[in-house]
Amino acid sequence: MNPYICFPKFKRMINVTLPDGSVRTVEQGTSPLDIAKSISEGLARNVLAAKVNGEVIDAFRPLQTDCTLNLLTWNDTEGKSTMWHSSAHLMAEAIEFYYPGVKLAIGPPVANGFYYDVDFLEHSISEKDLEKIEQKMKELAKEKNQFKRQEISKAEAVAYFTEKQDPYKLELLEGLADGSITFYTQGNFTDLCRGPHIPDTGHIKAVKLTSIAGAYWKGDEKNKMLTRIYGITFPKAAELTEYLEKVEEAKRRDHRKLGKELELFTFSQKVGQGLPLWLPKGAALRERLENFLKKAQRKAGYDQVITPHIGNKELYVTSGHYAKYGADSFQPIHTPDVDEEFLLKPMNCPHHCEIFKSKPRSYKDLPARFAEFGTVYRYEQSGELHGLTRVRGFTQDDAHIFCTQDQVKDEFKKVIDLVLYIFKTLSFENFKAQISLRDPENPSKYIGSDENWVKAETAIIEAAAEKGLPTVVEYGEAAFYGPKLDFMVQDALGREWQLGTIQVDYNLPERFELEYTGADNQKHRPVMIHRAPFGSMERFVAVLLEHCAGNFPLWLTTEQYAILPISEKFNSYAEKLSELLNNSDIRGFVDDRNEKIGKKIRDAELSKIPFMLIVGEKEMEQEHVSVRHRGFGDRGSMNIESFTKLVQEAIEDELSSNVKN
Ligand SMILES: [Zn+2]
Ligand SMILES: [Zn+2]
């Protein structure tokens, strides 16, 4: 008898390190999904993909070597995008079911869902066709069809799509190297795809195809226009319902819609795309925001400066902006002097460098802080323009701080204080700071000495920690000229916006040869810090509008009160009150229209006016007003002095600098 026959077959073992640091020793060829199962069945049911040594792969792929493993579920961004990418394949399968022979182009995941670009040939397709595709997707999802990965030679891949007569996939194949090509198949559908995909279609429990649009093949308008179908899927039906409610609420809060209703801003094709026109109420609102910030900045030691909207081309050649923005930006402006060229200002920084240079500086003058509401112009593609959030001309709440390397940390702390004050005053309660540092693998990419970088990075991390900011650190996200801190704000709908930035810069002081005289009597380069707490006035007003749904804080809102006389008899009493309030700098008006009180109340609510003052017989007799306060209900009857005090105290409270952090 062969003595080896009963000997178990030898399998190589590998070590898999989990995020908590624990190590599992498993047979080579074990999949992440197997490991999930060994932890718990519940976990395995939720695993959508796996991150192995930092790379996202199918959870069903066999592991071959020692590795780190992160099991990805719906709670991970990569888990979601794997699910949505797989949903694009599922949609393609459903489309082929109803429209056999259509040509498929590309179908990637996007921020909220996925799309597939399809050439429907002779078929015409519209919104009403989406429902049946959706139904088919749900049916196919229930089949729990597995996604199967197959490595395939280029020749076989070409043969497959030649047979299928799919010109788009064949064109995509042209750009791929042999040996790197994979197919993924689920149910009756096979796609050329790099993956990864979810284990099976059963994870997709709720489907909504959201819209249909035209899209050129490869984004080039010389190519054929394809049909792009957008959709989104969820692992639970309840999550889809919640998502759809949010979408509806977002539509109600769309700043473009609210901006029109509240008469804040408009656009004119004649003036030009992406160039907002601020209407009187919007201009007044913006002025209040600017004054608010100017006051806070004055307290924090900033000096206000003003610079022109254009600058000599040489200025931007020196700063490097010409090389960066030149071709994409606006064309130079020529003057009667043949050799003279000006550019619309894309950034305020070069101008502020010249202000720093306007006189000799000593270390005693530092930090120098120059602030400007500077309007800049950048050429954005017309397709990317969006309300006030993407425009071609906008005003930055800009400032540049010139300081010594040792002052960087303190300056960061001061800017953080300012930003937190702004957030508190405008009711942004959920935010975090993203700190962008160097890529440690690639130090030669960055300018400035290693010593200074270490100092600046440490200063930013410490400043954020000392201010108690919730932070995430991203390596490799720093600009080549310095590390930075960005504020990410969550609005009332949970959407994340990037607002203020604080950015260290070692580049411009070098390019402009900025210097100051140190205590040692030697010349030194200052560090430059760019910062803009709002980002731009346009973007900030847009985010604020959507965040508060147009219900601005009292100190900021257009009209703080409306006096609503019950009938014409009380109009003159109302006028008298209004005059008193306006004398106390409280903004508002008398609704003296010949309308029923119910209608006046409804209109004041629609205009989002915080205080309604109702006056009738009793109020006039007692020299009182009946006060209704938005969000607080009935505040009772009071005389005008008490009301004035109520408003003033509410504003003081909103603007008090007691930042909780
Ligand atoms: Zn794919
Ligand atoms: Zn700047």
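The values are calculated or read from the model by the stated rules, or taken from the named source; none is laboratory data. Note that this is a predicted model, so its numbers are computed, not measured. Every residue, glycine as well, gets a Cβ built from its backbone with ideal geometry; the counts of neighbours run over all protein chains shown.
General remarks:
- Residue selected from segment 486-530 under the condition at pLDDT below 90 and among the acidic types (Asp, Glu), by the criterion farthest from Leu315 (Cα to Cα): Asp491
- When the residues of segment 212-237 are filtered to those that are in contact (Cβ under 8 Å) with a residue 12 or more places away in the chain and surrounded by fewer than 13 Cβ atoms within 10 Å (Cβ to Cβ), the one that is nearest to Ser31 (Cα to Cα) is Lys236.
- Of the residues Glu96, Glu78, the single one that is away from ligand 1 (no atom under 12 Å from the Cβ) and within 25 Å of the chain's Cα centre (by Cα) is Glu78.
- Failed item, numbered, when Thr395 is tested on (1) within 17 Å of Ile306 (Cβ to Cβ); (2) surrounded by fewer than 18 Cβ atoms within 10 Å (Cβ to Cβ): (2)
- When Val419 is tested against (1) crowded, with 20+ Cβ neighbours inside 10 Å; (2) part of a helix (DSSP H, G or I); (3) in contact with a helix residue (DSSP H, G or I) (Cβ under 7 Å, 6 or more places away or on another chain), just one condition goes unmet, and that condition is (3).
- Considering residues of segment 187-211 that are of a type in the set (Val, Ile, Thr) and not in a loop (DSSP other than H, G, I, E, B) only, the residue farthest from ligand 1 (Cβ to nearest atom): Thr210
- Candidates Phe114, Phe147 - the one that is modelled with pLDDT of 95 or more, away from ligand 2 (no atom under 16 Å from the Cβ) and farther than 24 Å from Lys218 by Cα: Phe147
- Which listed residue, of Glu605, Glu617, is under 32 Å from the mean Cα position of the chain (by Cα) and more than 27 Å from Lys295 (Cβ to Cβ): Glu605
- Answer residue from segment 167-192, given it is surrounded by 13 or more Cβ atoms within 10 Å (Cβ to Cβ) and closer than 24 Å to Arg45 by Cα and is farthest from ligand 2 (Cβ to nearest atom) among those: Gly187
For (1) farther than 26 Å from Phe402 by Cβ; (2) in the same structural domain as Ala399 (by TED's automatic domain parsing), each residue gets a yes or a no:
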residue	(1), (2)
Phe292	no, yes
Gln297	no, yes
Ile310	no, no
Lys313	no, no
Val317	no, no
Lys324	no, no
Phe330	yes, no
Thr335	yes, no
Asp339	yes, no
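- Total residues in segment 24-37, condition surrounded by 13 or more Cβ atoms within 10 Å (Cβ to Cβ) and either of a type in the set (Ser, Thr, Tyr) or in contact with a Gly (Cβ under 9 Å, 6 or more places away or on another chain) (or both): 2
- Among the residues listed as Val207, Val271, the single one being farther than 28 Å from Ile586 by Cα, loosely packed, with under 14 Cβ neighbours inside 10 Å and of a type in the set (Val, Ile, Thr): Val271
- Selection from segment 21-38 of residues that are touching a residue at least 24 places away in the same chain (Cβ under 8 Å) and more than 21 Å from Pro235 (Cα to Cα): Val26, Gln28, Gly29, Thr30, Ser31, Ile35
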